[in-house]
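Reading through the structure tokens given below for one structure.
Bear in mind these aren't lab numbers, they're just calculated from the coordinates by the rules spelled out. Everything numeric in this text was worked out from a predicted model, so none of it was measured.
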Amino acid sequence: MGSEITQKLAATVIPIFTHDGKPLQVLLGQAEVTNWLKSTPEQQSVMRYPGEFKFPGGRVDDTDASVCYTAVRELNEEFMLNLAPEDVCLRLFNVKTTKAIKGMQFIVHQFLALSEENPWLQGFESANLNLKLRSRREEFFSRHFNEDYASIPLDLREKIAPEVHRVEWFPLKEAIEMQALSMADELHPVNAFQQEEFKRCGVISRDPMYQVTPATPIIDHRVGSIHLFSSERYTISETMTMEHALGEM
């Protein structure tokens, strides 16, 4: 009899910049390799999907009204935004299941955020956010990551611990290829940061988020097709339960 697997709900946002007649761009955040929330100066823990470029997202909290609300909350937290619910328009696009690790896997609800429907995304400058992320990281090490860090309450550590190293716009095709390489037999670091941090932390392989195949890429090719525009559109201020969202898929 196999080991029992616990499934939890999660949500993620796929920010897409649309250009007339030009390749689509997706906004990804590179995760820290070290899990600074759980680490101490004496003992460091490695993140799941360490150093990978991924979409903002996370598990559904008990206080979240729906997976849609989870998506916006995670977007604000990871990209250091302060978006009001009425400022965000999302499309429920897909549901994927992560691989099980230590008896846990996530059912991830993927929402699209199109620049043409989200003014906050039209003027998004990755360089400005990267400066903020760098400042946050520097403040964390200079003020908080010391012998007293473990005594800081968890809810406060969640607010100060670096989670995203940097953000970057990628052409859709390049993002798909980058994720597919995470399953290669040989290590193909996404950049120098991941390579150097892997060496420092003793990580020998990348952690693929999904089982990416030509038929089922992490970022489905349907993003660039007409199917995108037949997906259901939601503003977060609307009352939307998870059951409604799934029923419209």
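Using a ≥ b ≥ c from the Cα gyration tensor of segment 6-238 (square roots of the eigenvalues), is it rounded, prolate or oblate, where a/c under 1.5 gives rounded and otherwise the larger of a/b and b/c decides, a/b for prolate? Walk me through the numbers before you get to the answer.
Numbers: a/c = 1.56, a/b = 1.31, b/c = 1.19.
Verdict is prolate for segment 6-238.
Within segment 6-238, how many Lys pairs sit with Cα atoms under 25 Å apart, leaving out pairs fewer than 8 places apart on the same chain? Close lysine pairs under the 25 Å cut-off: 26.
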